[in-house]
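Some notes on the structure that comes next.
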Amino acid sequence: MSYRYGEYRDGPDPLAPPYDVRSALDQMGDDILSGSNPGHALRDLLKRGLPGAQDRRGLDELLREVRRRRRELRERGRLDGTLERARALLDKAIGQERAELFPDPSDDARLRESELDALPEDTASAIRELNDYQWRSAAARQTFEELRDLLRREVLDSQFRGMREALANPDPAAMERVQQMMSELNDMLERDARGEHTQEDFDEFMSKYGDMFPESPRNLEELVDTLARRAAATQRLLASLTPSQREELSELINQTLEQAGLAEQMRRLGESLYARRPDLAWNTPERLTGEEPMAMGDAVTALDELADLTQLEAALRQDYPGARMDDIDEAAIRRALGRSAVDDLEALKRIERELEQQGYLRRQRGKLELTPKAVRRLGETALRRVFASLDAGRRGDHDQVDAGAAGELTGSSRPWRFGDEQPIDVVRTVINGVRRGGSTGTVTLSVDDFEVAETERRTAAAVCLLVDLSYSMALRGTWAAAKQTAMALQALVSSKFPQDSVQIIGFSNYARVLQPDELAGLEWDMVQGTNLHHALLIAGRHLDRHPDFEPVVLVVTDGEPTAHLRRNGSAAFEWPPTHETLELTLAEVDKMTRRKATLNVFMLAEDERLREFVNEVARRNGGRVFSSSADRLGEYVVSDFLRTRRTR
């Protein structure tokens, strides 16, 4: 027994590792942390593709392939090739007949010549006149029969792809078989319209006439789709010609079908196909720029492919409301770009499905949102970025090795109780198991054996991060950095300082509390107003709910306060800021001071009025002022928070 080995070609590599959706989420996270929303981030990921072991192409590359293919089809040739060929054969037959008549001095020869002289100018009418003409020249008769065979093959091939080869040798039996196929096809479509069609009927039909359908449809629906697209392409061919060419070719088609005894059957088929697929572009003209004349069947095939590519291009752009990957027709991708493109498309669709099925994405009222699980991962990513930018030798090591410890170890231990987060004292736990089990040689542990290492009590903090959401943040390009900083701080507190209580407050014309799972999809507000007064009011209520916690207040803004909250709850905006706005805002700063909350401000703009305001805040409160660039904002905020926590 011998074996032969070669490259696997039937689809994607079955031994390739599955694509890691967490990696896809991380790639989306790059855009989200830069200020994009989840829907746009997913769309951009699918457009770029999936780099990695399988290196799948994205929608943008598939779109480029589709456009390249369209250019090639448009430059393939001219649509009037059948008319040109028919005119050439007709002129040849007439010339051969004239050559035969010229030596003959009889009146019959002159009468025939005058009959040839009186032929209409257009090809279709001339052919109709010559259908009953008695040719004197055998060569002319043969050329005219060649012309009629050409028209019959081209007309039928324009409707049934591959019919041209089936009718290459003129045979009355072949035409009779075509007539039978057309009759049975129409009968099958009518039975289907009445609800009487079965798959067995279709299988029997294909067993008799399957060689006439090279597409090998599996059921009637696929057959109808193929025939309808080809019939629509024929109509587009006619619509793409000049009016005179259109009239001439239409007449040739009608003549050919009448002579073949197929006119009525083709009319029935056309009506059925249009009724089933009215959505196709039946009369939309196309423009081909090539120089070589194309046969009618080839022109229809090119127009059919162009229609496919036009629809495919629109689906691949994904730029319409409610666009989904499932809108992209896999069969159209296969016809246009081949099997490898289908595999690339399926990989992209799988990523979209997996992100939802594995709990990273969800759709709420048609809008794509990140789940808390995804937000946690992106927060960790933001935190890693911040830590990566810190100088470890100068700032200190921020990796927490003793996860779960609530403070410094005291050296003593106590029995474990449900809910304890202190580290397990492994030595004492095993000793308890040995003592209880005796000298049997095997140590088994029970719940009562476990002890935890006692630690010093760590002071909890009530953390308030106030983030400016006003329109100016987007204009200055600082909004993405503020968003990433908020996510990083949320992740830091929840993972490293779980005993702390963190509240993130966004403020523009009004202020509001931002939930952790809201941060990733958060966008700036397209409104005017920097209502720091309202934000400090909300932060103060958070601190008051945790009177035993150490207060930490951080403010990220790019402008001085320009709005405040009135007594009736409405917001008052004025620029330059009024005395009342500044007075109310500084009154809340004074309240923070009385709460013993240090208020540190991170400025994202070099504005003289802003600098005067924050300096006044620092004078009243004793906090610090940081003038940070957007790319180092996260480093400044996280570093300051860690310094504050270490000091506390």
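The values are calculated or read from the model by the stated rules, or taken from the named source; none is laboratory data. Treat the numbers as computed from the prediction; the structure is a model and nothing was measured. Heads up, the Cβs are rebuilt from the backbone with ideal geometry, glycines too, and the neighbour counts pull from every protein chain shown. To get the accessible areas, we keep the full protein, side chains included, count just its heavy atoms, and leave off ligands, DNA and RNA. Shrake-Rupley method; radii C 1.70, N 1.55, O 1.52, S 1.80 Å.
Dipole orientation for the range 103-214: of the candidates PHE205, LEU111, LEU189, LEU111 has the Cα lying most toward the positive pole (charges on Cβ; Lys, Arg +1; Asp, Glu -1).
Among the trypsin sites (Lys or Arg not before Pro) within the range 216-322, which fall in a DSSP loop and have no more than 14 other Cβ atoms within 10 Å of their own Cβ? Before the final figure, lay out each step's value.
Working: sites: ARG218, ARG229, ARG230, ARG236, ARG246, ARG267, ARG268, ARG276, ARG287, ARG317; in loops: ARG218, ARG287.
Loop-located and lightly packed - ARG218, ARG287.
Rounded to the nearest 20 debye, the dipole magnitude of the range 264-332 is 360 debye, with +1 charges on Lys and Arg beta carbons, -1 on Asp and Glu beta carbons, and the Cα centre as origin.
Near LEU220: Cβ cut-off under 11 Å, other residues only, Lys/Arg at +1 and Asp/Glu at -1. The net charge is -3. Accessible surface for TYR274 stands near 120 Å², nearest 10, in the context of the full protein assembly shown (1.4 Å probe). Take LYS208: with every protein chain present and a 1.4 Å probe, its accessible area is about 90 Å². Separation of the range 317-358 and the range 68-114, taken as the distance between their Cα centroids, equals 49 angstrom.
Sorting SER470, SER413, SER114, SER244 by solvent-accessible area of protein heavy atoms yields SER244, SER114, SER413, SER470, largest first, with a 1.4 Å probe.
In straight-distance terms, cross-link reach from LYS367 covers every one of the lysines whose alpha-carbon lies under 27 Å from its own, apart from those fewer than eight places away in the same chain; here that gives LYS47, LYS349, LYS483. Ordering ILE253, ILE32 by accessible surface, largest first, gives ILE253, ILE32; the 1.4 Å probe counts only protein heavy atoms, with every chain in place. Ranking GLU580, GLU286 by solvent-accessible area of protein heavy atoms (1.4 Å probe, all protein chains present), from largest to smallest, gives GLU580, GLU286. Solvent-accessible area assigned to carbon and sulfur over the range 532-624 amounts to 48 percent, based on a 1.4 Å probe.
For SER207, the solvent-accessible surface with a 1.4 Å probe is about 90 Å², rounded to the nearest 10.
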